[in-house]
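One structure is given here, and the rest of the page talks about it.
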Amino acid sequence: MTKPSLRKLALAVALTAAASTASATLAVHEFFADANLSVDALGVDGAGNGIISAEVASGSTVLRACLYTADVWGGGVSPVIFNGTLLNPAMGTLLAPNANPANTIRYDVTALIKPVIDGGMGGIYGFSLKEEGDNDGSVLVVVYSNASTMGG
């Protein structure tokens with residue numbers, strides 16, 4: 001059995017929580033053949049804003065894009081404004097439990113990213129991110145394919 005290439009293991013996110021008397025695991029896995037990843041993070045103090053980026057090769061097609069936003073030690077994830085679109089925690093998926101006890105919300109932002117990146121010139125694409133409360137930061141994961149990722 002051969003090891004799968006990094007390109008073929010495009011997105012695997014696993015969260016594990018453990019307590020002294022019990023443990024629980026929530027695993028979120030998606031498989032994208034012949035794909036690549038762009039991952040960026042942004043942390044701001046309190047309710048702040050900044051730019052979170054995706055670096056994608058020329059002529060790429062976005063397969064999936066997710067924004068992961070975490071709260072500060074279980075205080076509750078506050079809404080964020082991603083590139084002009086308000087994302088409330090109810091619009092995402094709560095990835096819990098977590099041992100620290102921070103909570104993380106995963107938003108599917110594919111529809112917001114795809115029109116900007118698909119077939120474009122490539123490079124670094126910046127997306128505005130504003131926290132509406134005291135979150136601990138966000139991570140943008142973009143899964144994409146292009147001619148160079150095919151058949152590897």
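The values are calculated or read from the model by the stated rules, or taken from the named source; none is laboratory data. The model shown is predicted, which means the values in this text are computed figures rather than measured ones. Surface accessibility is based on the protein's heavy atoms, side chains included, excluding ligands, DNA and RNA. Shrake-Rupley method; radii C 1.70, N 1.55, O 1.52, S 1.80 Å.
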(request) Could you please state how large a percent of the accessible area of segment 49-139 is carbon and sulfur, counting protein chains only and using a 1.4 Å probe? (result) 55
(request) Using only the alpha carbons of segment 55-152, determine the length spanned along each of the three principal axes and report them from longest to shortest in whole angstroms. (result) 43, 29, 19
